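Notes for the one structure printed next.
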Amino acid sequence: MLAADEPFIVAVGSTNPTKVKAVEAVMAKAFPMARVQAVAVPSGVSEQPLSAAETERGARSRALAALAAVPGARFGMGLEGGVHFSDAPPRCDVVNCCAVATADGTVHTAWGVRFPLPAAVGRRLLAGEELGPVMDELSGVRDSAKVLGAVGFLSNGLLTRDAMWESAVVCALMPWFHPELYDR
């Protein structure tokens with residue numbers, strides 16, 4: 001396990017304030033000496049990932065690119081949101097993935113909250129629209145993806161976008177909290 005009082009750098013592969021804030025919040029609790037540095041990197045996937053697999057690829061790509069972009073970083077973290085369509089019954093879920101990469105090539109991924117979107121929203125995404133602008137229209141909030149997001153709007157604020165991302169970050173760090181259990 002990493003020492004909580006050991007200083008190190010965490011490179012986040014995004015400049016999205018909500019994603020960066022989530023990493024900062026978790027690091028402040030888990031590793032108070034960690035310094036978070038945001039860096040804009042490509043996800044390597046479409047602007048609107050349409051499957052869990054594509055969303056995970058985007059998170060991994062961002063984590064590895066962030067690690068490479070920030071010299072001396074202990075962790076590279078990538079956070080990617082997307083949607084996933086399934087046939088049982090036909091539905092569209094929001095998915096969000098956090099990947100943590102280290103210089104030795106280790107990459108761990110974990111998922112945050114997964115929840116269903118209204119069917120009409122799923123149809124619009126399949127037609128080529130992106131979730132952010134669709135939710136802006138439905139919620140009446142400009143750039144809602146950077147504030148409340150679909151989760152905040154659809155839950156009437158009971159679940160925040162910050163909390164959604166924080167859960168993914170915490171889960172992705174679990175192997176570093178208990179390496180003796182994960183490295184077996």
In region 75-96, which residues are charged (D, E, K, R) and free of Cβ contacts under 8 Å to residues at least 24 places away in the same chain? Asp87
For region 152-166, state whether one or more residues are in a loop (DSSP other than H, G, I, E, B) and in contact with a Cys (Cβ under 6 Å, 6 or more places away or on another chain). no
Every pair of residues 6+ apart whose Cβ atoms lie under 8 Å, when the first sits in region 38-55 and is in contact (Cβ under 8 Å) with a residue 40 or more places away in the chain and surrounded by fewer than 19 Cβ atoms within 10 Å (Cβ to Cβ) while the second is acidic (Asp, Glu) and part of a loop (DSSP other than H, G, I, E, B): Glu47/Glu130; Gln48/Glu129; Gln48/Glu130
Tell me, which strands (runs of 3 or more DSSP E) wholly within region 1-116 include 2 or more residues that are of a type in the set (D, E, K, R)? 73-87, 90-101
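Of all the residues that make up region 88-108, how many are within 29 Å of Ser139 (Cβ to Cβ), of a type outside the set (A, V, I, L, M) and at pLDDT 95 or above? Lay out the reasoning, then the answer.
Initial filter on region 88-108 (within 29 Å of Ser139 (Cβ to Cβ)): 88-99.
Now narrow it down to the ones that are of a type outside the set (A, V, I, L, M): 89-93, 96-98.
If we keep only those that are at pLDDT 95 or above as well, we get 93, 96-98.
Count: 4.
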Criterion first (out of contact with any strand residue (DSSP E or B) (no Cβ under 6 Å at 6 or more places or on another chain), surrounded by 15 or more Cβ atoms within 10 Å (Cβ to Cβ) and closer than 15 Å to Ala11 by Cβ) does Ala68 satisfy it? yes
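Out of the residues in region 97-116 meeting the condition of being among the small types (Gly, Ala, Ser) and touching a residue at least 60 places away in the same chain (Cβ under 8 Å), tell me which one is nearest to Pro7 (Cα to Cα).
For region 97-116, the residue satisfying everything is Ala99.
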Scanning region 3-39 residue by residue, those under 14 Å from the mean Cα position of the chain (by Cα) and hydrophobic (A, V, I, L, M, F, W, C) turn out to be Ala11, Val12, Val20, Ala22, Val23, Ala25, Val26, Ala38
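For region 147-161: of the residues being crowded, with 19+ Cβ neighbours inside 10 Å and touching a residue at least 40 places away in the same chain (Cβ under 8 Å), which is nearest to Leu79 (Cα to Cα)? I'd like the intermediate steps shown before the answer.
Pass one, region 147-161, residues crowded, with 19+ Cβ neighbours inside 10 Å: 148-152, 154, 161.
This time we only want the ones that are touching a residue at least 40 places away in the same chain (Cβ under 8 Å), so: 149-151, 161.
Working: Gly149: 15, Ala150: 16, Val151: 16, Arg161: 12 Å.
That would be Arg161.
Can you confirm whether region 98-110 contains a residue that is under 17 Å from Leu50 (Cβ atoms), of a type outside the set (Asp, Glu) and surrounded by 16 or more Cβ atoms within 10 Å (Cβ to Cβ)? Steps first, answer last, please.
Taking region 98-110 and keeping what is under 17 Å from Leu50 (Cβ atoms), we get none.
No, the conditions are met nowhere in region 98-110.
Quick test for you: out of Ser139, Ser144, Ser167, pick the one residue that is crowded, with 16+ Cβ neighbours inside 10 Å, free of Cβ contacts under 8 Å to residues at least 40 places away in the same chain and under 22 Å from Thr55 (Cα atoms). Working first, answer last.
On the way: Ser139 fails: under 22 Å from Thr55 (Cα atoms); Ser167 fails: free of Cβ contacts under 8 Å to residues at least 40 places away in the same chain.
Among Ser139, Ser144, Ser167, only Ser144 is crowded, with 16+ Cβ neighbours inside 10 Å, free of Cβ contacts under 8 Å to residues at least 40 places away in the same chain and under 22 Å from Thr55 (Cα atoms).
The values are calculated or read from the model by the stated rules, or taken from the named source; none is laboratory data. Small disclaimer: the values here were computed from a predicted structure and weren't measured. Here Cβ is always computed from backbone atoms with ideal geometry, including for glycine, and neighbour counts include all displayed protein chains.
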